[in-house]
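Heads up, the thing below is written out as structure tokens.
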Amino acid sequence: MSVTVVPGDSRDPAATALLKASHALMESLFPSETNHYLGVEALLAPEIRFYVAYDGYRMIGTGALAVRDRYGELKSMFVDPEARGTGAGAAIVTQLIVRAKMERLSMLKLETGSSLQAAHRMYERAGFSRCGPFGDYVDGEFSIFMEKAL
């Protein structure tokens with residue numbers, strides 16, 4: 001079955017469950033002070049474009065584009081562990097790139113956990129490369145920063 005990515009609402013119970021699973025995973029892998037995820041309510045902010053991925057009728061992933069001053073930032077990227085390897089993550093990234101271009105952004109950036117090698121490979125396949133910290137982020141052992149010119 002193919003993956004469909006559409007605009008979503010972080011308050012949808014299925015989306016909230018995925019976001020909470022993502023937050024729990026990040027808390028289990030990294031020190032709390034190094035986690036930079038957005039909460040359910042923060043994803044409702046006017047500068048956030050929130051998307052969800054479906055495999056048929058089941059929501060299996062989330063992702064968001066935060067429209068910043070001169071760039072877009074990928075946030076809240078998560079795919080249900082049972083759906084990993086289905087292309088859902090790549091489909092979400094592709095949709096966020098399309099949306100960033102619609103927003104006339106010239107650059108996409110992201111921060112991700114240093115031990116999330118599968119995510120690093122997915123972002124590299126989508127054309128992202130490593131860069132230094134941006135925005136309010138600081139360099140640290142638990143963060144990897146990436147960017148992609150649009």
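The condition (being of a type in the set (Phe, Trp, Tyr) and surrounded by fewer than 13 Cβ atoms within 10 Å (Cβ to Cβ)) is satisfied by just one residue among 123, 57, 71, 137: 57. Of all the numbered requirements in (1) hydrophobic (A, V, I, L, M, F, W, C); (2) surrounded by 15 or more Cβ atoms within 10 Å (Cβ to Cβ); (3) at pLDDT below 95, residue 43 misses one, and that requirement is (3). Only one of the listed residues (98, 93, 67, 79) is aliphatic (A, V, I, L, M) and touching an Asp or Glu at 6+ places or on another chain (Cβ under 6 Å). That residue is 67. Number of residues in the stretch 1-57 that are in contact (Cβ under 8 Å) with a residue 40 or more places away in the chain and assigned to a strand (DSSP E or B): the value is 12. Can residue 114 be described as farther than 18 Å from residue 5 by Cβ and surrounded by 14 or more Cβ atoms within 10 Å (Cβ to Cβ)? When the stated conditions are applied, residue 114 passes them. Which condition from (1) in contact (Cβ under 8 Å) with a residue 24 or more places away in the chain; (2) over 11 Å from the mean Cα position of the chain (by Cα) is the one that residue 65 breaks? Exception for residue 65: condition (2).
Which one of these is buried (at least 16 other Cβ atoms within 10 Å of the Cβ) and over 21 Å from residue 144 (Cβ atoms): 79, 52? Lay out the reasoning, then the answer.
Numbers: 79 fails: over 21 Å from residue 144 (Cβ atoms).
None of the others qualify; the one that does is 52.
Of the residues that sit in the stretch 63-85 and are modelled with pLDDT of 90 or more and of a type in the set (Lys, Arg), which one is nearest to residue 26 (Cα to Cα)? Only one residue fits best here, namely 75. Return yes when residue 96 is surrounded by 17 or more Cβ atoms within 10 Å (Cβ to Cβ), without any contact (Cβ under 8 Å) to a residue 40 or more places away in the chain and under 21 Å from residue 9 (Cα atoms) and no when it is not. Spelling it out, it is not the case that residue 96 is surrounded by 17 or more Cβ atoms within 10 Å (Cβ to Cβ), without any contact (Cβ under 8 Å) to a residue 40 or more places away in the chain and under 21 Å from residue 9 (Cα atoms). Can you name the number of the only condition in (1) closer than 21 Å to residue 85 by Cβ; (2) part of a loop (DSSP other than H, G, I, E, B); (3) not acidic (Asp, Glu) that residue 138 fails? For residue 138, the exception is condition (1).
Given the structure, is residue 91 closer than 19 Å to residue 121 by Cβ and more than 11 Å from the chain's Cα centre (by Cα)? Break it down stepwise before answering.
Details: closer than 19 Å to residue 121 by Cβ: yes; more than 11 Å from the chain's Cα centre (by Cα): yes.
When the stated conditions are applied, residue 91 passes them.
The values are calculated or read from the model by the stated rules, or taken from the named source; none is laboratory data. These numbers come from a predicted model, not from an experiment. When we count neighbours, we look across all protein chains shown, and the Cβ atoms used for this are built from the backbone with ideal geometry, even at glycine.
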